[in-house]
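Asker: The following block contains the structure, expressed as structure tokens.
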Amino acid sequence: MTNNKHNVAHDWSDITYDQKLMPSQPFFSELFQDTDVTFEQAMMQAALKTGGDKIPAEKYDLEFSPDMPVQLMGSNPTALSFLQSLVLLHKPQTILEIGTFIGLSAIYMASALPEGGKLTSLEKYDSFAEIARGNIARNGLGGRVEVIAGDASKTLPELQDRRFDMAFVDGHKEAYADYLDLIDPLVPVGGLIITDDI
């Protein structure tokens, strides 16, 4: 049992290590209960202030979807920079992405690829695939990125003869287990598989 500044007792013994890192845990919630700023907002503000990350629209020439504001679907600058750093560190020649949206993560990853590197991105919706292709081309990465339109559960089996050094899964969350089954044979031992939002 521990006491906080509000003299509220908590038993933390049943919380696992990874759960302690979750922003929704009572410990973090209590730190911000007397303010309008949530833990997540405070962490993002601190990361943006110290990390120097620009919002994507300030860094790249982007078209956004009129159907879905990027604020609802797009990754935050810190997550995108982290993803880019993983590419710089891992140095994959080939990357597979599931879930292109408007191409933000593809742009960040492709810009960090080594010479001759290629990224293949699968996008379920034609309208988003078209916007992504335009964004990728406008930012000088058209030669590095291939956007394939179609449901990943149908397009992944068509890629079974290819190999990828890295995979980034950011598509339909309920299908992640199926995607991972299809991706596993495509990423050799030593490859990197990253999942978003889980």
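A quick yes/no check of all residues on (1) modelled with pLDDT of 95 or more; (2) under 17 Å from the mean Cα position of the chain (by Cα):
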| position | (1), (2) |
| --- | --- |
| Leu104 | no, yes |
| Ile107 | yes, yes |
| Gly116 | yes, no |
| Gly140 | yes, no |
| Ala152 | yes, yes |
| Leu182 | yes, no |
| Ile198 | no, yes |
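Asker: Follow-up question, since we're still on this one. Kindly indicate which of Asp170, Asp184 is closer than 24 Å to Ser85 by Cα and either loosely packed, with under 13 Cβ neighbours inside 10 Å or free of Cβ contacts under 8 Å to residues at least 12 places away in the same chain (or both).
Answerer: Numbers: Asp170 fails: either loosely packed, with under 13 Cβ neighbours inside 10 Å or free of Cβ contacts under 8 Å to residues at least 12 places away in the same chain (or both).
Selected residue: Asp184, the only one of Asp170, Asp184 that is closer than 24 Å to Ser85 by Cα and either loosely packed, with under 13 Cβ neighbours inside 10 Å or free of Cβ contacts under 8 Å to residues at least 12 places away in the same chain (or both).
Asker: Which pairs have Cβ atoms under 7 Å, sit 6 or more apart or on different chains, and link a residue in segment 133-145 that is under 9 Å from Ser111 (Cα atoms) and assigned by TED's automatic domain parsing to the domain that holds Ile98 to one that is in a loop (DSSP other than H, G, I, E, B) and modelled with pLDDT of 95 or more?
Answerer: These pairs meet every condition: Leu141/Ser111; Arg144/Leu113; Arg144/Gly117.
Asker: Right, something else. Find the residue count for segment 87-101, including only residues that are over 26 Å from Asp151 (Cβ atoms), in contact with a strand residue (DSSP E or B) (Cβ under 8 Å, 6 or more places away or on another chain) and in a helix (DSSP H, G or I). Give the steps one after another, and end with the answer.
Answerer: Narrowing segment 87-101 to residues over 26 Å from Asp151 (Cβ atoms): 88-91, 93.
Cutting the leftovers down to in contact with a strand residue (DSSP E or B) (Cβ under 8 Å, 6 or more places away or on another chain) gives us 90, 93.
Checking the rest, the ones that are also in a helix (DSSP H, G or I) come to 90.
Residues meeting the conditions: 1.
Asker: In segment 137-166, what residues are in contact with a helix residue (DSSP H, G or I) (Cβ under 8 Å, 6 or more places away or on another chain), in a loop (DSSP other than H, G, I, E, B) and surrounded by fewer than 18 Cβ atoms within 10 Å (Cβ to Cβ)?
Answerer: Of the residues in segment 137-166, the ones in contact with a helix residue (DSSP H, G or I) (Cβ under 8 Å, 6 or more places away or on another chain) are 139, 141-142, 144-145, 147-149, 152-153, 156-157, 159-160, 162-166.
Going one step further and asking which of them are in a loop (DSSP other than H, G, I, E, B), we end up with 139, 141-142, 144, 160, 162-165.
If the condition is that a residue be in contact with a helix residue (DSSP H, G or I) (Cβ under 8 Å, 6 or more places away or on another chain), in a loop (DSSP other than H, G, I, E, B) and surrounded by fewer than 18 Cβ atoms within 10 Å (Cβ to Cβ), then Gly142, Gln160, Arg162, Arg163 are the ones that fit.
Asker: I need the full set of residues from segment 98-132 which are surrounded by fewer than 18 Cβ atoms within 10 Å (Cβ to Cβ) and in contact (Cβ under 8 Å) with a residue 40 or more places away in the chain, in order please.
Answerer: Answer for segment 98-132, where residues must be surrounded by fewer than 18 Cβ atoms within 10 Å (Cβ to Cβ) and in contact (Cβ under 8 Å) with a residue 40 or more places away in the chain: just Ser127.
The values are calculated or read from the model by the stated rules, or taken from the named source; none is laboratory data. What you are looking at is a predicted structure, and each value in this text was computed from that prediction instead of being measured. Methodologically, a virtual Cβ is constructed for each residue, glycine included, from the backbone with ideal geometry; neighbour enumeration extends over all protein chains shown.
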